[in-house]
Amino acid sequence: MTFALFVLVVFLVLFFFWLFPLFFRGIPWQPTDMRRVRRMLEMSKLRPGEIVYDLGCGDGRILICAALEFGARAYGVELNPWLFGIAWLRVLFLGLRPRVRVIFGDIFKVNLSNADVVTLFLFEHVNEALKEKLLRELKEGARIVSYVWTFKGWVPKEVDQDLRLFLYVRGESEPRGS
C-alpha cells in the first residue's frame with residue numbers, strides 16, 4: 001500500500017510539473033539554476049527601474065531575482081496553472097507585488113511593447129514562432145536573453161558558451177529587412 005501511494009505521488013508530481021505543460025504548447029518546465037538566472041540578467045545589463053518580462057516564468061525565480069537584486073520591475077507569463085500559482089505565491093510571500101506581476105496566460109498574447117529585457121528558456125521552435133512578435137512589439141535596443149535555444153538567422157550580440165546563454169538586441173541582432 002505504501003509503495004503504491006509513493007508511485008501515485010511520483011506520477012502526480014511528474015504529471016503536473018513536467019507532462020501537464022506539454023498540453024500547453026509543448027514546453028515542459030525545467031527550472032533554470034540561479035547561476036544562470038543572475039548571468040542572464042547581468043548579460044542584459046538590466047538596470048534599476050527597467051522592465052523585464054520572463055516568458056514561461058515557471059516558479060518566478062527570474063522575476064524575483066530581477067526585482068530583489070537588480071531593482072527592476074518584472075512581469076512573468078506562465079500558462080501552467082500549477083507553476084503560475086507557485087510563482088504568484090512566492091511573489092506574494094516575499095512582498096514583491098508592487099514590483100512583480102505574474103500573468104496567467106499565453107506568451108503569444110501578452111503585449112511586450114514596454115519591455116526593456118525579455119528572458120526565455122523555450123524550445124527552438126517556440127523561439128522561431130516568437131520572432132515576428134518580438135520584431136513587431138519590442139522597441140529598438142530591447143534585449144532578449146535566451147537559455148540554450150537560439151533564434152535562427154539572428155546574430156547574438158553576446159554568447160556565454162559555458163552557460164549556453166545568448167543575448168540579442170532588437171535592431172542589432174536580426175538581419176536587415178527582418
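For segment 98-114, the set of residues classified as modelled with pLDDT of 95 or more and within 22 Å of Pro31 (Cβ to Cβ) consists of Arg99, Val100, Arg101, Val102, Ile103, Val110, listed by residue number. Applying the condition of being of a type in the set (A, V, I, L, M, F, W, C), at pLDDT 95 or above and in contact with a Phe, Trp or Tyr (Cβ under 6 Å, 6 or more places away or on another chain) to segment 36-82 and asking which residue is farthest from Val145 (Cα to Cα) yields Leu46. Residues of segment 51-71 that are outside any strand (DSSP E or B), farther than 13 Å from Ala87 by Cα and not small (Gly, Ala, Ser): Leu68, Glu69, Phe70. Within segment 129-143, residues that are closer than 12 Å to Tyr168 by Cα and aliphatic (A, V, I, L, M) sit with their Cβ atoms under 8 Å from residues that are surrounded by fewer than 14 Cβ atoms within 10 Å (Cβ to Cβ) and modelled with pLDDT under 95, at 6+ positions apart or across chains, in these pairs: Leu135/Ser178. What number of residues within segment 90-109 satisfy the criterion of being more than 18 Å from the chain's Cα centre (by Cα) and outside any loop (DSSP other than H, G, I, E, B)? Looking only at that region, the number is 2. With respect to (1) touching a Gly at 6+ places or on another chain (Cβ under 6 Å); (2) acidic (Asp, Glu); (3) surrounded by 16 or more Cβ atoms within 10 Å (Cβ to Cβ), the lone exception for Glu140 is condition (3).
The values are calculated or read from the model by the stated rules, or taken from the named source; none is laboratory data. Not measured: the values here are computed from a predicted model. Cβ coordinates were reconstructed from backbone atoms using ideal geometry, including for glycine residues, and neighbour counts include every protein chain displayed.
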